[in-house]
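The block underneath contains the structure these notes are about, expressed in structure tokens.
The values are calculated or read from the model by the stated rules, or taken from the named source; none is laboratory data. Bear in mind the structure is a predicted one, so any value in this text is a computation, not a measurement. All Cβ positions, even for glycine, are placed from backbone atoms using ideal geometry, and neighbour counts span all protein chains on display. The accessibility values were calculated without ligands, DNA or RNA, using every heavy atom of the protein model including side chains. Shrake-Rupley method; radii C 1.70, N 1.55, O 1.52, S 1.80 Å.
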Amino acid sequence: MTKKILLLTGDCAEDYEVKVPQQALMMLGYQVDVAAPNKKAGDTLQLVVHDFVNLDTYIELTGHRIPVDIAAADVNPDDYVGLVIPGGRAPEYIRMYDESITIVQAFFTADKPVAAVCHGTQLLAAADVLSNRNVTSYPACSAECRLAGATWQDQPVVTCGKLVTAQAWPNHPAWLKAFVDLLGAQITI
């Protein structure tokens, strides 16, 4: 039986933070289902690419379009062995949907591996699952993490129990390795 990973996201998620974990986990043999609130299976999400061009913050460029595999409202967390929450702008608005909050809380209640990167901690903060945890995130989200009861660490990747967080997509190798370790998968060369 194929093990399944849920990737919970929405429009304007960071392209690299969706496609890289999706494809890396698929390469390992996992089925990765993209879920989004306010969408149904077969709908399309618009991803974005954030870049820095001598401004105090990033600019947003158009990224790939990807299909939704399952509506967030139809997700049964019991069907999945782990959860991935990409960053970008998606977490800022998908946290307003009850089904997003319910899904996140279910993974934490079941003590299943969760991987969040960049702004993904905005969804975790809204789901009230960060209390007494060590995390990292895109530095602009550190205040939300602290307000949600977490100890924010200025580190590329932080693992705390079954949660692994990363600051941004340049941290993918260490972040994904930590997540795969939490899943119990073995990678050898």
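I need the Debye-formula profile for the range 40-134: one equal scatterer per C-alpha, no solvent, reported as log10 I(q)/I(0) at q = 0.10, 0.14, 0.22 1/Å, two decimals. Computed log10 I(q)/I(0) values: -0.31, -0.59, -1.23. Using only alpha-carbon positions in the range 111-189, the gyration tensor eigenvalues give semi-axes of 21, 14, 9 Å once each is multiplied by 5 and square-rooted (largest first). The distance from the alpha carbon centre of the range 12-36 to that of the range 121-189 is 17 Å, rounded to a whole number. Each residue was assigned an accessible area with a 1.4 Å probe, and for S131 the value is about 60 Å².
Quick one: divide the alpha-carbon radius of gyration of the range 1-59 by 2.2 N^0.38 Å and tell me what you get.
Details: Rg = 14.0 Å, N = 59, 2.2 N^0.38 = 10.4 Å.
Relative to the rule-of-thumb radius for its length, the range 1-59 sits at 1.35.
Over the chain, the fraction of Cα-Cα pairs per 10 Å bin, rounded to whole percents and listed from the shortest bin up, is 10, 41, 38, 10, 0. Neighbours of D51, meaning other residues whose beta-carbon lies under 12 angstrom from its beta-carbon, give a summed charge of -3 when Lys and Arg score +1 and Asp and Glu score -1. Measuring r between the beta carbons of R65 and D98 and using R0 = 25 Å, the FRET efficiency lands at 0.45. The distance between label points at D154 and D79 comes to 4.3 nm (points 7 Å beyond Cα on the Cα→Cβ vector).
Between M26 and T57, what length comes free when the chain is fully extended (0.36 nm per residue of separation minus the Cα-Cα distance, one decimal in nm)?
That pair, M26 and T57, stretches by 7.9 nm at full extension.
A 1.4 Å probe run over the range 86-189, with the rest of the protein chains in place, finds 45 Å² accessible per residue.
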